[in-house]
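**Q** Below is the structure I would like to discuss, written out as structure tokens.
The values are calculated or read from the model by the stated rules, or taken from the named source; none is laboratory data. Model, not experiment: these values are computed from the prediction. Cβ sites come from the backbone with ideal geometry, for glycine too, and all protein chains shown count toward neighbours.
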Amino acid sequence: MKKLLSKKIHFPLIQAQPCQIKKGFFSKIKRFLSFRRLWKTTQDYYCWSEYLGKFIFIPAIFLFDGASVPKLLYSIFSPMGLLLYGALPHDFGYRFKGLFIFNQNKQVVEFQEFDKKELDKIFCELNIQENGMKKSSKIATFSLKAGIFTWKNYRKVNENVFDAFPYLKG
């Protein structure tokens, strides 16, 4: 009997955010081809990373768009499917250039900075840990190499995590 990996994993509680649809035929076509729905964590979220040997913490109200999968590949890799477990910490890490690490009492211990390569590796390892599919997780991670523009755009904004979540400043 095959072991169900997801049975022992705590998944995030998330809520879809409304989208605005512009008038006009071409605007609707463009929206259909390029739209990525935003999701919001509705509770503080934590997950265990076997790769890091630590818990990762994502605060409530964090907005993210799931795995950055081209629409043409949605039937193979859903942005909110098997890649979600790694995508949420990955999106948080890209935005703030790091992740909150916490202890078993759910107390934030530190904010640890990671570079793009490390965050992409964490994405891959979390997905393998959750879904057990090494090849598909590595293919999805390989596609992140194209995400260099996303990384650079976030670095230009250089948002401070403690400005976004001041109550976590310790």
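**Q** Filtering the stretch 124-142 down to residues that are touching a helix residue (DSSP H, G or I) at 6+ places or on another chain (Cβ under 8 Å) and aliphatic (A, V, I, L, M), which residue is farthest from Ala87 (Cα to Cα)?
**A** Filtering first and then ranking leaves Met133.
**Q** So, one more: Just wondering, is there one or more residues in the stretch 109-130 that are buried (at least 16 other Cβ atoms within 10 Å of the Cβ), of a type in the set (S, T, N, Q) and either modelled with pLDDT of 90 or more or part of a helix (DSSP H, G or I) (or both)?
**A** Looking through the stretch 109-130, at least one residue is buried (at least 16 other Cβ atoms within 10 Å of the Cβ), of a type in the set (S, T, N, Q) and either modelled with pLDDT of 90 or more or part of a helix (DSSP H, G or I) (or both).
**Q** Another one. When both residues are 6+ apart or on different chains and their Cβ atoms are under 8 Å apart, which pairs have a first residue that lies in the stretch 157-168 and is in contact (Cβ under 8 Å) with a residue 24 or more places away in the chain, and a second that is among the β-branched types (Val, Ile, Thr)?
**A** Going by the 8 Å Cβ cut-off, the qualifying pairs are Leu168/Val108; Leu168/Val161.
**Q** Just checking, which of Ile139, Ile128, Ile122 is touching a His at 6+ places or on another chain (Cβ under 9 Å) and of a type outside the set (Ser, Thr, Tyr)? Full working, then the answer.
**A** On the way: Ile139 fails: touching a His at 6+ places or on another chain (Cβ under 9 Å); Ile128 fails: touching a His at 6+ places or on another chain (Cβ under 9 Å).
That would be Ile122, the only listed residue that is touching a His at 6+ places or on another chain (Cβ under 9 Å) and of a type outside the set (Ser, Thr, Tyr).
Per-residue answers, yes or no, for (1) under 20 Å from Arg36 (Cβ atoms); (2) hydroxyl-bearing (Ser, Thr, Tyr); (3) free of Cβ contacts under 8 Å to residues at least 12 places away in the same chain:
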| site | (1), (2), (3) |
| --- | --- |
| Cys124 | no, no, no |
| Met133 | no, no, no |
| Thr141 | yes, yes, no |
| Trp151 | yes, no, no |
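**Q** From the list Pro12, Pro18, which one is modelled with pLDDT of 80 or more, in a loop (DSSP other than H, G, I, E, B) and touching a Cys at 6+ places or on another chain (Cβ under 9 Å)? Reasoning before the result, please.
**A** Working: Pro18 fails: touching a Cys at 6+ places or on another chain (Cβ under 9 Å).
Result: Pro12 is the single residue among Pro12, Pro18 that is modelled with pLDDT of 80 or more, in a loop (DSSP other than H, G, I, E, B) and touching a Cys at 6+ places or on another chain (Cβ under 9 Å).
**Q** For residues that are in a loop (DSSP other than H, G, I, E, B) and modelled with pLDDT of 90 or more, scanning just the stretch 45-76, find the one that is surrounded by the most Cβ atoms within 10 Å (Cβ to Cβ). Please lay out each step first, then the result.
**A** Kept after step one, since they are in a loop (DSSP other than H, G, I, E, B), are these residues of the stretch 45-76: 50-53, 59-62, 65-70, 74-76.
Those still in the list that are modelled with pLDDT of 90 or more too: 50-52, 59-62.
Values: Glu50: 10, Tyr51: 14, Leu52: 18, Pro59: 17, Ala60: 13, Ile61: 13, Phe62: 20.
Here the answer is Phe62.
**Q** Could you grab me the full set of residues in the stretch 141-170 that are outside any helix (DSSP H, G or I) and surrounded by 10 or more Cβ atoms within 10 Å (Cβ to Cβ)?
**A** Our first condition is that a residue be outside any helix (DSSP H, G or I); within the stretch 141-170, this holds for 158-160, 165, 169-170.
Matches in the stretch 141-170: Glu159, Asn160, Phe165, Lys169.
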